[in-house]
Number of protein chains: 2
Amino acid sequence: MSEDPKPRRRQARGERRISQLLQAAADVFCANGYTATSTNAIAREAKVSPGTLYQYFPNKEAIAIELGGRLVHEMRERHGRIFTPENAALPLPELIDAVLDPMIEFNCLNPAFLALMHGSDVPGRIAEEHDELHASLLSQVRGLIGARAVPPLPADRLDRVADMAFAVFKGGLALVVAAPEGPAREAAVEELKKVMYRYLAPVVGEAVPAGAAGALTTPPTTR
Amino acid sequence: MSEDPKPRRRQARGERRISQLLQAAADVFCANGYTATSTNAIAREAKVSPGTLYQYFPNKEAIAIELGGRLVHEMRERHGRIFTPENAALPLPELIDAVLDPMIEFNCLNPAFLALMHGSDVPGRIAEEHDELHASLLSQVRGLIGARAVPPLPADRLDRVADMAFAVFKGGLALVVAAPEGPAREAAVEELKKVMYRYLAPVVGEAVPAGAAGALTTPPTTR
DNA sequence: TGATTACGCGAGCGATCACTCGTGTTTGCC
DNA sequence: GGCAAACACGAGTGATCGCTCGCGTAATCA
């Protein structure tokens, strides 16, 4: 079980080609899905020959694996900057900003992430990576909500709240990335934050004012 | 542009085969997605030969079209029974029950619906049908919310609220259908209804009690 | 009962796809 | 400059897929 039996020397040119191929793959996967995408189409998008593509990747699945792996890695790095003790101590509206904004930004910048992680026709290895990421993300959310719940939630209810909060976020995220860049998208983001706030506020013991259909929270706060 | 150039006579046996093939297609599409599904696999699942399959469908896309068409048709029938004047007059918690329960039931019974309507690798004709259904569904939701909003919402805000309510529902729906049948699924349904209630209550001028983390609404009501 | 038509089969055809290989070019190192 | 290795190419190969076709069976009608 050697990790790297052939740690082939790469030149700078090779590394550039790899990034170029991965970028092309992201575009085509995003537009057509994994299965419907041909390796020749990826090579064409990257303006190289099929032979060149196979110099850097052993097969089609490996392209998706590498692309997915890089995206997951970048996503995990963001987690580290999102789920910090400082953020955990923030008031709920600010906490929602602190968590949602980077998540949304990442997914808007990397639409291939959702395409790869959500498609039902992706290779098994990617689905595994996605499950791991999903589980770790979920446990962070559970921790965040569990630490603030007033009154404290039993474990099974905490699980359900975290699951639902995350699922609802994903639904809203789809709407956000589908919106055209600009004011429409930002309005969708604000709307999604309202959903999250109104759902979670009672869990953490805050009241939602009745007439505040347009405001996320009371005026005196920072938003 | 004749609608049915060859309205071929069918025997009862043929109609049964069609249903059988459609059911098999639903199962396989659901498990592997449209593109990754081979027509031979559908025939195998239905326990017939490839030749038999092609006696009833001119090509692979037609199978998905017919399946999608039947599901959309059934879904539209439900809309008629969901978005009625009586339901529109219901208090918010009961309205949410009246709208969500049939929707959830349908999607649990027909998982192929979500698979076909959400996949990025489906033939264009299905995507069109989905868009039409989505638009009509959304306008019904807009009507429901717009008629109750207190204070009344300007058109652009109403659009955003309806869009977000629907997107959030879809996210929660994915969680519900992914849950194992039984108490876990019903708990997820209740949780999703809480999300919808808490999001929409301020829009229609209701207050959400602060401590009511576990209750959807105040005790005296029917739930 | 015989004729007609729908139903059912599965080997096989053409097209496409993932992937290879022989050959030529560029780069890094002495 | 000379050599080895990485890079680049694109026609070609085997496999698979969507789909057909010829032939046999079952149902319907006269």
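Per residue, what volume in Å³ does the convex hull of the Cα atoms of the range B:143-196 enclose?
On the way: hull volume 4.0 nm³, N = 54.
Hull volume over Cα atoms, normalised by residue count, gives 74 Å³.
Between A:GLN55 and the same site in the other copies, what are the distances in nm, shortest first, taking label points 7 Å from Cα along the C-beta direction?
5.4
Pull out a ≥ b ≥ c, the square roots of the eigenvalues of the alpha-carbon gyration tensor of the range A:97-195, then state rounded if a/c is under 1.5, prolate if not and a/b is larger than b/c, and oblate in the remaining case.
Oblate, since a/c reaches 1.5 and b/c is not below a/b.
Per-residue mean of other chain beta-carbon atoms within 10 angstrom of the beta-carbon, peptide B:35-43?
2
Would you pull out the residues with amide H under 5 Å of A:VAL150's amide H, same chain only if 5 or more places away, H placed 1.01 Å from N?
Under 5 Å from the amide H of A:VAL150 lie the amide H atoms of A:VAL204, A:GLY205, each far enough along the sequence or on another chain.
Percent of accessible area on chain B owned by carbon and sulfur, 1.4 Å probe?
Working: 6020 of 11040 Å².
Solvent-exposed carbon and sulfur of chain B make up 55 percent of the total.
For chain A, just the Cα atoms, rotate onto the principal axes and tell me the three extents in Å, largest first.
64, 42, 31
Are there trypsin sites (Lys or Arg not before Pro) in the range A:20-64 that DSSP marks as loop and that have at most 14 other Cβ atoms within 10 Å, and which are they?
Listed in order of number, the matching sites are A:LYS47.
If you wrap the range A:20-109's Cα atoms in a convex hull and average its projection over all directions, what's the area in nm²?
6.6
Take the alpha carbon gyration tensor of the range A:13-57, find the square roots of its eigenvalues, order them as a ≥ b ≥ c, and report rounded if a/c is under 1.5; if not, report prolate when a/b exceeds b/c, else oblate.
Cα axes put the range A:13-57 in the prolate bin.
What FRET efficiency, computed as 1/(1 + (r/R0)^6) with R0 = 35 Å and r the Cβ-Cβ distance, is obtained for A:SER139 and A:ASN32, rounded to the nearest 0.05?
Efficiency for this residue pair is about 0.55.
Per-residue Cβ counts within 10 Å, from other chains only, averaged over A:181-191: what number is that?
Counting other chains' Cβ atoms within 10 Å and averaging over A:181-191 gives 2.
Specify, for chain A, the residue whose C-beta is closest to the rotation axis mapping it onto chain B, with the distance given in whole Å.
A:GLY171, 1
Please sort through the DSSP H helices of chain A and keep those with an alpha-carbon extent of at least 24 Å along the long axis and a Kyte-Doolittle average not below 0.0. Intermediate results must be reported in sequence, preceding the final value.
Numbers: long enough: A:12-32 (30 Å, -0.08); A:60-82 (33 Å, -0.55); A:92-109 (26 Å, 0.93); A:124-148 (36 Å, -0.26); A:155-178 (35 Å, 0.93); A:183-200 (25 Å, -0.46).
Helix filter hits for chain A: A:92-109, A:155-178.
To one decimal in nm, how far is B:ASN40 from the same spot in the other copies, if labels go 7 Å from Cα toward Cβ? Please give the shortest first.
2.1
Which FRET efficiency value, to the nearest 0.05, is calculated for B:HIS73 and A:GLU15 with the Förster distance at 60 angstrom and r the Cβ-Cβ distance?
In this case the efficiency is close to 0.70.
Using a label point 7 Å beyond Cα on the Cα-Cβ vector, give me the inter-copy distances for B:PRO183 in nanometres, one decimal, shortest first.
5.1
Remind me, what semi-axes does the protein assembly as shown give for its equivalent ellipsoid, largest first in whole Å, using sqrt of 5 times each Cα gyration tensor eigenvalue?
Listed largest to smallest, the semi-axes of the protein assembly as shown are 38, 33, 19 Å.
Excluding residues on the same chain fewer than 8 positions from A:LYS47, give the aspartates and glutamates whose Cα lies under 17 Å from its Cα.
The reachable aspartates and glutamates, counting only those whose Cα sits under 17 Å from A:LYS47, are A:GLU15, A:ASP27.
The values are calculated or read from the model by the stated rules, or taken from the named source; none is laboratory data. Bear in mind the structure is a predicted one, so any value in this text is a computation, not a measurement. Using ideal geometry, Cβ is built from the backbone for each residue, glycine included, and neighbour counts are taken over all protein chains shown. With ligands, DNA and RNA removed, areas are computed over all heavy atoms of the protein, side chains included. Shrake-Rupley method; radii C 1.70, N 1.55, O 1.52, S 1.80 Å.
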